[in-house]
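The values are calculated or read from the model by the stated rules, or taken from the named source; none is laboratory data. Given the structure is predicted, the values throughout are model-derived calculations rather than measurements. Note: ideal-geometry Cβ built from the backbone for every residue, glycine included; neighbour counts use all protein chains shown. Just so you know, the surface numbers come from the protein's heavy atoms only, side chains and all, with ligands and any DNA or RNA stripped out. Shrake-Rupley method; radii C 1.70, N 1.55, O 1.52, S 1.80 Å.
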Amino acid sequence: MTVATEMLQFIDLAAQQRALADPIRDAIAAVLAHGRYIHGPEVTELEVDLAQFSGAAHAVACANGTDALVLAAMGLGLEPGQAVVCPSFTFCATAEAVALLGGVPVFADVDATTFNVSPDSVEAAITTAREAGLEVAGMIAVDLFGLPADYMALREIADREGLWLIADAAQSFGGARDGERAGSFGDITTTSFFPAKPLGCYGDGGAVFTDDSEKDEKLRSLRVHGSGTHKYDNVHIGTNSRLDTIQAAILRVKLEAFPGELEARQRVAVHYADGLSGTVDVPRLPEGARSAWAQYTVVLPEGADRDGVQASLKADGVPSAVYYARPLHLQTAYGRFPATDLPVSEMLASRVLSLPMHPYLDRESQDRVILALRAALSG
Ligand SMILES: *Cc1c(COP(=O)(O)O)cnc(C)c1O
């Protein structure tokens, strides 16, 4: 038995705050000085920074990642009764945005290695939806745990079937495929700046990305009640979904540190993979892919007692989490929507485990996690 073990942080926001405290304080002070709390200059500056970082032509800041999905679906013209294919193994907001607008989420399965929606299953879900008499309007792919989905295959299906494609990059902002960062993979790409996301603010925040200037204009209108040329001229039914100026100011500082943080997360992932492969299934990225490592999620061996593993980790001072213990098609609120067979979603829900992951996790702590998980599974 080791000496009293201090609990590690699952995501250490305090360490990041210590590292960036001065510039963040200055950025907030600047907002307090000019007093433009809504749509102040920092919001526009952040949008320029975000577009430049992601490679998308346009970035539109909004209130949170759920609103970003709602705005995207509104922007693409989702109508009540239309079906939208999305994965079942995801955070609920993906399907919630569709249902909030009166659309019908249709659940597809995910790939066991990447955790992302399987293109074959998307095709099956489109067929399922059409057989149920639904008109399929689009699909939402999710870049789960930080890895951008297989957009090459998804784009091909979307074009062939005449569907729009939203990329839910709430977990993958900063991730890339084939040298292209998340931001342009969907007709509209969405992200979240919830504090625990790879790029997080100090409250709620989100953004929507597009390469199309007409969509950009519509999204900008939708986030302020569908306004037209004048504030009190309404050309769309919109909503109120603005990003606070203070959050934008904080994000501008954090965005500067973000590339270095992504590198640090990547180093943690490599060390975990070295120490844990053979013990559990560790995440493997497809050729040419970069994950933003929102989560480091392993798959425990079949039959392992996950609750017992979590308890053993906890006793060793290692926090862990289960994303997600129940796929959406098995949730009370979403069970009524159409779905294909979802064996992988159900398998993963019972076997995944996410480990501490953040850019400030030192090597010694990483080794503690590795040793604790190995011990938990050998017991
Ligand atoms: C966090 C998250 C969202 C929602 O973001 P909020 O800012 O919390 O509204 C949507 N989709 C996925 C995949 C997420 O992880």
- Query: Quick one: which of 38, 24 is among the aliphatic types (A, V, I, L, M), in contact with a helix residue (DSSP H, G or I) (Cβ under 9 Å, 6 or more places away or on another chain) and surrounded by fewer than 12 Cβ atoms within 10 Å (Cβ to Cβ)?
  - Reply: 38
- Task: Read through the list (1) touching a residue at least 40 places away in the same chain (Cβ under 8 Å); (2) open to solvent by 40 Å² or more (accessible area, probe 1.4 Å); (3) more than 27 Å from residue 237 (Cβ to Cβ), then give the number of the only condition that residue 92 fails.
- Result: (3)
- Checked pairs for segment 163-190, first more than 20 Å from residue 216 (Cα to Cα), second acidic (Asp, Glu), C-beta under 7 Å and 6 or more apart or across chains, list as 171/143; 172/143; 175/143
- Message: Looking at (1) within 30 Å of residue 178 (Cβ to Cβ); (2) open to solvent by 30 Å² or more (accessible area, probe 1.4 Å), which one does residue 292 not meet, given that it meets all the others?
- Response: (2)
- Condition test on residue 100, is it closer than 23 Å to residue 194 by Cβ and either open to solvent by 40 Å² or more (accessible area, probe 1.4 Å) or charged (D, E, K, R) (or both)? yes
- Pairing a residue in segment 355-379 that is over 21 Å from residue 299 (Cβ atoms) with any residue that is small (Gly, Ala, Ser) and at pLDDT below 95, where Cβ atoms lie under 7 Å and the two sit 6 or more apart in sequence or on different chains, gives 360/15
- Task: Keeping to segment 188-223, report how many residues are open to solvent by less than 40 Å² (accessible area, probe 1.4 Å), of a type outside the set (Gly, Ala, Ser) and more than 10 Å from the ligand (Cβ to nearest atom).
- Result: 11
- Query: Is it the case that some residue within segment 176-197 is part of a strand (DSSP E or B) and over 15 Å from the mean Cα position of the chain (by Cα)?
  - Reply: yes
- Hey, does segment 137-157 have a residue that's in a helix (DSSP H, G or I) and more than 24 Å from the chain's Cα centre (by Cα)? no
